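Heads up: the structure comes next, in structure tokens.
The values are calculated or read from the model by the stated rules, or taken from the named source; none is laboratory data. Remember, it's a predicted structure, so these values are computed and weren't measured experimentally. Heads up, the Cβs are rebuilt from the backbone with ideal geometry, glycines too, and the neighbour counts pull from every protein chain shown. Just so you know, the surface numbers come from the protein's heavy atoms only, side chains and all, with ligands and any DNA or RNA stripped out. Shrake-Rupley method; radii C 1.70, N 1.55, O 1.52, S 1.80 Å.
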Amino acid sequence: GRIETVLPAAVGTECGHVASLVHDDIIDGDEMRRGRPAVHSRFGVGQAIVAGDALIFYLFQCLAECRRTGVPEERIVWALDVVARAGYDLCQGQSLESELAGDLGCDVDTYLTMIRLKTSALFRASCETGAILGLGTAEQAQVLAAFGDHLGTAFQIHDDLLAYTSDPATTGKQAVSDVRNKRLTLPVILAYQTGGPADRSGIEDIMAGRMALDRAYALMDEIVRRTGAVAASRRLAREHAAAAQDRLAALPPTPSRARLARLAELAVNRDR
């Protein structure tokens, strides 16, 4: 395929991603995004909701625009189906995350299901759509969908670690967000499963909101590091990054394939 052919879809995909971030910040009450005031913080909740909605509709407009760049209509319908399903999965994942907030009975498998819906769905659809609009085979589309699924999983696991391995000046968002929202990230789940009675009691107090936010974050940071939960989470993220790269072996060796492999490396080797 040619880059020019799929460029409108690439633009639309980024718009859909930004829309999810705009709405996410409203749900989480986060005031900063990428080092700047979040949209709802700068322009108000109402305008932020409308902006996010507009970007979602623009995503579908961009996909339809690929008719003018030479993509057959049946391929566009196929891509629209993939993207719409991914959007539905994303909403399910966001809802599941809200349901799990503060639930220390959440296990690793449930967490992985949630992030595959909330995050991996967009990665999966982006990669699969590239194959579809680039006139790839059904088998190539499936390979890239699997690549995107593992890539998104690796990305989100690593993203959950940034609250403990990076700093707000670098990430551009608040480190305390997960603790404030009682979000069950992988390091928290692993620390609760493997920690001693004092660790479990501390996490329970944090999730119950029994201490000031700054103290709660500092305690959680200390627990997830000491129990090895950060290191274990990093290992799982890298396993999924490696699995993503393995999927690419089924594709012809091209510069594009090499760039995708590099993306898998970057997903788990970043500080923002």
Taking r as the C-beta separation of R200 and T5 and R0 as 51 Å, the FRET efficiency to the nearest 0.05 is 0.40
For D246 and R34, calculate 0.36 nm times their separation in residues minus their Cα-Cα distance, and state this gained length in nm to one decimal.
73.2 nm
What is the magnitude of the charge dipole of the chain about its Cα centre, with +1 placed on the Cβ of each Lys and Arg, -1 on the Cβ of each Asp and Glu, and no other charges, expressed in debye to the nearest 20?
660
Segment R68-C91, length gained on full extension (0.36 nm per residue, minus Cα span)
5.2 nm
Zone reached by a paramagnetic label modelled 7 Å from E265 Cα along Cα→Cβ, restricted to the stretch 229-251 with backbone N below 17 Å, covers 238-249
The chain - accessible surface per residue (Å², probe 1.4 Å)
49
Helix-only [θ]222 nm of the chain, DSSP H runs n ≥ 4, -39500 (n - 2.57) each, per residue, nearest 500:
-24500 deg cm²/dmol
Leaving out ligands, DNA and RNA, and with a 1.4 Å probe, what % of the accessible surface on the chain is carbon or sulfur?
56
Degrees separating the helix 197-207 axis from the principal Cα axis of the chain, which is the longest one
60
Tell me the accessible surface of E204 in square angstrom (1.4 angstrom probe, heavy atoms of protein chains only), to the nearest ten.
70
Give the accessible area for R67 in Å² (nearest 10); use a 1.4 Å probe, count only protein heavy atoms, and leave out ligands, DNA and RNA.
130
Listed by chain and number, the residues whose amide H is under 5 Å from that of R33, excluding neighbours fewer than 5 places away on the same chain and using placed H, are A38
Taking Cα atoms, the helix 45-65 axis meets the longest principal axis of the chain at an angle in degrees (rounded to 10) of 30
With only Lys, Arg, Asp and Glu charged, each at its Cβ (+1 for the first two, -1 for the last two), find how big the charge dipole of the stretch 34-137 is about the Cα centre; round to the nearest 20 debye.
540
Could you state the angle between the C-alpha long axis of helix 138-165 and the longest principal axis of the C-alpha atoms of the chain, as a value from 0 to 90 degrees rounded to the nearest 10?
30
Cβ-based charge dipole, the stretch 145-221, positive-most Cα from I157, A208, M220:
A208
Modelled label-to-label distance, E14 and A84, 7 Å Cα→beta-carbon offset: nm?
2.6
For the stretch 22-158, using Cα atoms only, the Rg and Dmax in Å read 16.8, 51
Can you check how the C-alpha radius of gyration of the chain compares to 2.2 N^0.38 Å, as a plain ratio?
1.05
Relative to the present Cα-Cα distance, how much length would full extension add between D167 and A231 at 0.36 nm per residue of separation?
21.3 nm
